[in-house]
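Below you'll find the structure, written out as C-alpha cells, and then a few comments.
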Amino acid sequence: MKRHVPFLLTALRLLLGPLALACAFTGAPRIIYLPILLVGTLSDIFDGILARRFGVSTQALRRFDSVTDAIYYAFVLAALWILCKPAISKTLWAIAFLILSELATITVSLARFRKYPATHTYLAKFYGLSLLGGLTALLAFSAPGWVVIALMTVALVTNAEIVLIHLASDAPPVDVPSIFALRERAD
C-alpha cells in the first residue's frame, strides 16, 4: 500500500487545482486558499521524498509529478484571474513572460528528448516555495501586483537554468540539482 502513497500525493494536486477554481467561482472566503496552496505544496514536496524512501521513484512518476504541477498551477492561475483581476491586469506582461518561460522549458525538452521536463533542480524547489508564498499573498490576502513581478523573476531564472541543463545534457535530465551538477557528473 505504501508504494502507492507518492502517486496519490501527486494525484491529490489534480483535485486541488479544480477545487481552487471552484472556490473562486463560488465566492468562497479567500482564506480557504491558504490550506489548498499549503496542501498542494506539501504534496509536491513529500511525493518525491516518499517515492525515494519507498523505492518507487521512477522517471515516469517524476514526469507525472511535473505534468501534474503544470495542470495544478493552470487551475490556480484561473482562480487568480477571477479573484485578483485588477492586480493581474496590471501585471499581465509578467504573467506572459512567466508562462512563456515555462513553455520554453517544455519546448526545449520535447525538442531535445521528446520527453516532458523533470529536472527538479534546487532553483525549481525554491520557485515552488516562492509560488506558495506569492500565490498565498495574492489569493488569500489580496497582495498587490509586485508579487507577480517577483514570481516572474524567480521563474525566469529557474527556467533559464532548466533550459541550459537540457541543452547541455546528453540524455533526458531527471532530478538534476543544478547546472553545476552536470559538470560534476562529467568529471
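Scan Leu61, Leu14, Leu50 and give me the residue that is in a helix (DSSP H, G or I), within 13 Å of the chain's Cα centre (by Cα), surrounded by 14 or more Cβ atoms within 10 Å (Cβ to Cβ) and among the hydrophobic types (A, V, I, L, M, F, W, C).
Answer to the selection: Leu14.
What number goes with the only condition from (1) touching a residue at least 12 places away in the same chain (Cβ under 8 Å); (2) assigned to a loop (DSSP other than H, G, I, E, B); (3) out of contact with any Asp or Glu (no Cβ under 6 Å at 6 or more places or on another chain) that His120 does not pass?
The failed condition is (3).
Quick one: count up the residues across the range 22-43 that are more than 30 Å from Thr58 (Cβ to Cβ) and either in a helix (DSSP H, G or I) or touching a strand residue (DSSP E or B) at 6+ places or on another chain (Cβ under 6 Å) (or both).
Here the count works out to 10.
Among residues belonging to the range 96-115 that are touching a Phe, Trp or Tyr at 6+ places or on another chain (Cβ under 9 Å) and touching a residue at least 40 places away in the same chain (Cβ under 8 Å), point out the one that is nearest to Tyr33 (Cα to Cα).
Glu102
Scan the range 88-121 for residues that are under 15 Å from Ala171 (Cβ atoms), of a type outside the set (A, V, I, L, M) and crowded, with 16+ Cβ neighbours inside 10 Å and jot them down.
Those that are under 15 Å from Ala171 (Cβ atoms), of a type outside the set (A, V, I, L, M) and crowded, with 16+ Cβ neighbours inside 10 Å: Ser109, Arg112, Lys115, Tyr116, Pro117, Thr119.
Do we find a residue being among the small types (Gly, Ala, Ser) and not in a helix (DSSP H, G or I) anywhere in the range 152-174?
yes
Rundown of residues vs (1) closer than 24 Å to Arg52 by Cα; (2) at pLDDT 95 or above, yes/no style:
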residue	(1), (2)
Tyr127	yes, yes
Gly133	no, yes
Ala137	no, yes
Phe141	no, no
Val147	no, yes
Leu151	no, yes
Val154	no, yes
Val157	no, yes
Leu164	no, yes
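Quick test for you: out of Ala20, Ala74, pick the one residue that is modelled with pLDDT of 95 or more, surrounded by 20 or more Cβ atoms within 10 Å (Cβ to Cβ) and not hydroxyl-bearing (Ser, Thr, Tyr).
Ala20
The values are calculated or read from the model by the stated rules, or taken from the named source; none is laboratory data. Remember, it's a predicted structure, so these values are computed and weren't measured experimentally. Quick reminder, even Gly has a Cβ in these numbers, built from the backbone with ideal geometry, and neighbours come from all protein chains shown.
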